[in-house]
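Any read-out appearing in this document is the output of simple, stated calculations on the displayed coordinates, not a laboratory observation. Treat the numbers as computed from the prediction; the structure is a model and nothing was measured. Cβ atoms come from the backbone with ideal geometry, glycine included; neighbour counts cover every protein chain shown.
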Amino acid sequence: MRKYIGGFLELELFDKLDSNYHAGAIALSCGRAGISHIINRTNMIAVWLPYYTCNALLEPFERLGIPYRFYEINKHLELINQPVLCAGEYIIYINYFGLKTSYVRQLQEYYSDRLLVDDTQNYFSHGYINSWSFNSARKSFGVPDGSYTYGPAAQIGDTIGYPENTNYNVQHLVDRLRGAQDLAYEEFIKYEQTLSSEPLKMSKLSSSLLSQINYTVVAAKRRNNYQLYHNALGKFNNTLLLPLDLVALSPDTVPFCYPLVLDCSVSFDRRILFEQDIFIAMLWPDVLKRRPDGYTWERQLAQCLLPLPVDHRYGPTEINHVVTAVLRLLNN
Ligand SMILES: Cc1ncc(COP(=O)(O)O)c(C=O)c1O
């Protein structure tokens, strides 16, 4: 970047000293950039991907011409058949909702440096010895870009040679902050389409914003909110076959959302929640459009999952409001 001297001042940024939560990682612009970096650092010639994912995960492989095959997961959100990898083959597993850390450790034992853990729903992880992982800061915080990649020490590399991401926009973040929700949502959708899977260094803006966060407080809030949902809705949440009570999960679990999977034979309408200003995304519409057909459970999951928000903006008042709205939806 050119250095200009004098004139008016830029946005004031303060990096808090010694506060890089992901100090041991490679700081890039987004999760896809992290995958591209991993591809650059390995001899990857093919990859196994979960069918239950969004198209963004496929992007770096398509851009770099790396062929991929899909695998199926079960109601524990674990692989139905664990592929035996040929030379140059890798496998990605998503730590779904940040709740699958114990299972990731089993995969890590088995696949070692051929495993890429998609921690885009598990920002708080500090990586896994000998396996690769990447997260995505935008999924957990109001920042325009940012992702941290971890990997085996001998292969991890650095960001020297990558340009800095300067092509970011914060309009949607500022508009949401000032309450212009509809406008911000439109801007957010447009902005997301501009993100690329090229490896770029994380912007200075996101790096500074992320250094200001009190991660201990944020993690505690996520865990509390999650457990409030579970206490109220756990009895309806019987489709997923994984422990959902926090006490039964790995002690370092910081959930991404509360995954309420409704009875798929009963139809429900997310718009009823939307009309009450409760925005529950579908994870992921891409699954319903993807070829090949089949993967019945993955399609059901996309349709019947309500990923209820647990993030640090919220506390008991908001969680109760969402619970009441969901209970009304169930009784309709
Ligand atoms: C499961 C999953 N993996 C990877 C990505 C890619 O992350 P990013 O958008 O930061 O590149 C996303 C984002 O949409 C995702 O949902």
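Listed values, structure above:
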read-out	value
HN-Hα J in Hz across segment 315-332 - Karplus 6.51, -1.76, 1.60, θ = phi - 60°, x for Gly and Pro	x, x, 4, 5, 5, 4, 4, 5, 4, 4, 5, 5, 5, 5, 4, 5, 8, 6
Given 11 as the ceiling on other Cβ atoms within 10 Å, longest exposed-site-free region of the chain for GluC sites (Glu not before Pro) in DSSP loops	13-274
Candidates T53, T166, T120, ranked by Gaussian network fluctuation over the chain, Cα under 10 Å, top entry	T166
Backbone HN-Hα couplings from phi across segment 231-244 [Karplus 6.51/-1.76/1.60, Hz, Gly and Pro as x]	4, 8, 10, x, 5, 8, 9, 10, 7, 6, 9, 9, x, 10
GNM top mover of R313, R223, R114 - the chain, alpha-carbon springs below 10 Å	R313
Lone cysteines, the chain (no partner Cβ under 4.7 Å)	C30, C54, C86, C257
Length-normalised contact order for the chain - Cα pairs under 8 Å, 6+ apart - percent	21 percent
Cα shape, the chain, gyration tensor, a/c 1.5 rule	oblate
Lys pairs, the chain - Cα-Cα below 25 angstrom, 8 or more residues apart or on other chains	23
Cα gyration tensor, segment 98-161 - rounded (a/c under 1.5), prolate or oblate	oblate
Inter-probe distance in nm under a simple model that places probes 7 Å from Cα toward Cβ, at R271 and Q181	1.7 nm
Helical contribution to [θ] at 222 nm, DSSP H n ≥ 4, -39,500 (n - 2.57), averaged over the chain, rounded to 500	-9500 deg cm²/dmol
Cα shape, segment 240-325, gyration tensor, a/c 1.5 rule	oblate
Estimated inter-spin distance, L85 and E109, nm [label 7 Å along Cα→Cβ]	1.7 nm
